[in-house]
Amino acid sequence: MPLLFGGDYNPEQWPPDVWAQDVRLMREAGVNLVTVGVFSWAALEPEPGRYDFGWLDTVLDLLHDNGIGVALSTPTASPPPWLGHRHPDTLPQGPDGIRRHYGSRNQYCPSSPVFRAAALAIAGALAARYAHHPALRLWHIGNEYGPSCHCGQCAERFRGWLKERYGDLDSLNAAWGTAVWSQRYSAWAEVLPPLRVPYVVNPLQDLDYQRFGSDILLECYTAERDAVRGHNPAVPVTTNFMDFYRHTDGWAWAVETDVVSLDTYPDPNDPGAGMRGAMSKDIMRSLGGGRPWLLMEQSPGAASWRPVATPKRPGLNRLWSLQAVARGADGVLHFQWRASRQGAERAHGAMVPHAGPDSRVFREICSLGAELARLSEVDGLLGERVPADVAIVLDWDAWRAAELPHQPHDGFRYVDRLTEYYEPLWRANITCDFARAGGRFRDYRLVLVPNLYQVTPAAAANLAAYVEVGGTVVLGPFSGVADPDERIFTGGWPGPWQDVFGVRVEEHWPLPEGVVLDVDSAELGDFTASTWAEWAQARGADVVAQVRGGPLDGRPVVLRNRYGAGTAWYIATLPAAEALARLLARVCADTGVEPVVPGLPPGVEAVRRGDWVFLLDHNDDTAEIRHAVPD
Ligand code: GLA
Ligand code: ZN
């Protein structure tokens, strides 16, 4: 199969004479896959139970006759107004108890039996009709699952979820720590989602509702997946993930898909966008266990939801598309094929912009299509793996817990922590995978844990075992603080890992903006740090760097410990970027982790996939590269 190339196609927004022009232009551009039907529910089922498949028959046949495959979507991300009008309890409620109405999209309650039945009915009807259509390549279930609901039906499902997790009410009371602030529940019926409350809500109630929110949406997804699969198990199924999205647990979701797919919209005005894009692509590859993934959506131009929707400069869509292929994607799709004239996304970029095919954007799309077709021909690329010696631990629960209200620093953002570790490695052209906290670390020379506030017993044992047999780990601050029930570990941090890291942290010491910590280090060179520090004490570890001056004078902030046959680094602060880069360069050198291509000019990214090395120049100027590419 060639590299997939195309985008979301919404023919229901256009009269049929435009469809003929669409397929002609798709062929000209080399498009071989379009995602159809994402928001077609009202067009497919104009009234309850009355289906109108005629137009979709025509569209799918037309696409097929022109050699274009289809990712067919279940249209359930946006129910038609008739559903909400007749059944207001299919509409979601915010934590404020206020209903969110139709007139936009995503207006469904995942727990509503009426919504579920209607969604399964349309998904089943679509599958019954098209599961064996020759154009069908892939099922695309829903769209960007994410919004949550706080209605009475969700409250009921939440109570069921809690009963599964905790058993009885006493255990729930114990876990939620309801002895605090007189929150003790005397009957299940009293237990609610975290609604709008006078002051800060119970933290585990909050965290559990986030967990439940991911699970209940996953239940919607799997129900639709199974409904379409039943009609033809040979057709793979996906749903589109968003990058850095806290509300759906990527690890739990990815295993339920046949192929992981990504929607990604880095800001063209962000100088770090190339790096951030690489990171989200590496996450997708990792979620799929290294299997090829699909870039489902990116904008060929602007993303209209940005406050300032600057288009991608010439060449940028090509660069980011090739970055996806380099980092393991076997397809590059866009939102959307033809720019909408109406509706909320009328200012969004598209493969065929408002200006029409006689445009810079469409010409770039055509040359990208041709280039991807050429890449499809080469041996040792498509379907191949992207090797990585470094794993970065990514954990949704720890992410959510670290960002609960009333943590020591409300500006402490999990994704920032991951990015701080990812960025210097990206600059050094060292490829990283992402791994779950309980993952198979022994495949890697080095495991980075930029932050893991919450630790399960299994994750604690997994990391300790990896170090013990010779692995190297770097653990960032505010880690090993709480268990999965949001109970703080007593006796010092990083809780279960004090022996592994040879350190004991007594106090977290978040720093206000503007306060800079001076750090002395003979080994790494002196540096500065900010935002976060800790009152730590070495308990067996070597002190590599310590604070100079202020209340933390002399406290260690970089420690290295031998544990079993391995090495465990603990970093109790957030070093300035160059300092963290030096530290990680040092650790990579110690562990034999090497760049894909050494010594490239800044801004030139190198990634190996299969037999190929991609060199991607993120600079505006031409970079001259005189290095030989290794075999
Ligand atoms: C998301 C959605 C698309 C579209 C784009 C716009 O990725 O899935 O339907 O709204 O955003 O950027
Ligand atoms: Zn609900």
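Worth a mention:
- Among the trypsin sites (Lys or Arg not before Pro) within region 563-631, those in coil by DSSP and having at most 11 neighbouring Cβ atoms inside 10 Å are Arg626.
- Annotation note: chymotrypsin sites (Phe, Trp or Tyr not before Pro) in region 295-337 located in DSSP loop regions with a Cβ neighbour count of at most 16 within 10 Å are Trp305.
- Cα long-axis angle, helix 273-287 against the chain (0 to 90 degrees, to the nearest 10): 90
- Using θ = phi - 60° in the Karplus curve 6.51 cos²θ - 1.76 cosθ + 1.60, the 3J(HN,Hα) couplings for region 454-461 round to 9, 10, 8, x, 5, 5, 4, 5 Hz; x is entered for Gly and Pro.
- Charge dipole magnitude, Cβ of K and R +1, D and E -1 - region 213-303, Cα centre, debye nearest 20: 260
- Phi to ³J(HN,Hα) by Karplus 6.51 cos²θ - 1.76 cosθ + 1.60 over region 587-593, Hz, x for Gly, Pro: 5, 4, 4, 4, 9, x, 7
- Note on region 314-410: dipole from Cβ charges, positive end direction compared against Ser359, Trp399, Ala344; the farthest Cα belongs to Ser359.
- Summed residue charge, Cβ within 14 Å of Ala577's Cβ, Lys/Arg positive, Asp/Glu negative: -1
- Given the chain, longest segment not containing exposed loop GluC sites (Glu not before Pro) (DSSP; at most 11 other Cβ within 10 Å): 1-512
- Antiparallel DSSP beta bridges within the chain, percent to nearest 5: 45
- Dipole size of the chain about its Cα centre, with +1 on Lys/Arg Cβ and -1 on Asp/Glu Cβ: approximately 560 debye, rounded to the nearest 20.
- Amide H within-cut-off set for Trp569, under 5 Å, with H built and near neighbours excluded: Val473, Val474, Leu475, Asn561
- Full-stretch length increase - Arg363, Arg442 - with 0.36 nm per residue and alpha-carbon distance subtracted: 23.8 nm
- Least to most buried among Thr573, Thr178 (fewest other Cβ within 10 Å first): Thr178, Thr573
- Dipole of the chain [Lys/Arg +1, Asp/Glu -1 at C-beta], most positive-end residue of Ala538, Val587, Asn462: Asn462
- This model, with +1 at the C-beta of Lys and Arg and -1 at the C-beta of Asp and Glu, gives region 58-147 a dipole about its Cα centre of some 180 debye.
- You can think of it this way: the chain between Phe53 and Glu256 has 70.2 nm of extra reach, that is 0.36 nm per residue less the Cα-Cα gap.
- Chain lengthening between Arg291 and His101 when straightened (0.36 nm per residue, less Cα-Cα): 64.5 nm
- Over the chain, DSSP H runs of length four or greater, each weighted -39,500 (n - 2.57), average out per residue to a 222 nm ellipticity of -10000 deg cm²/dmol.
- Loop chymotrypsin sites (Phe, Trp or Tyr not before Pro), region 189-280 (other Cβ atoms within 10 Å of the site Cβ: 12 or fewer; DSSP): Tyr199
- Here is the P(r) of the chain: all C-alpha pair distances, binned every 10 Å from 0, give 3, 15, 24, 25, 20, 11, 3, 0 in whole percents.
- Residue-count net charge about Gly491 - beta-carbon cut-off 14 Å; Lys, Arg +1, Asp, Glu -1: -1
- Against the chain, whose longest principal axis comes from its Cα atoms, helix 16-29 is set at around 50 degrees.
- Folded to 0 to 90 degrees: helix 414-427 orientation relative to the chain principal axis, Cα: 90
- 15 Å beta-carbon shell around Arg445, net charge (K/R +1, D/E -1): -2
None of the figures in this text is laboratory data; all of them are computed from the coordinates on show. Model, not experiment: these values are computed from the prediction. As a convention, Cβ positions derive from the backbone with ideal geometry for all residues, glycine included, and neighbour counts pool all protein chains shown.
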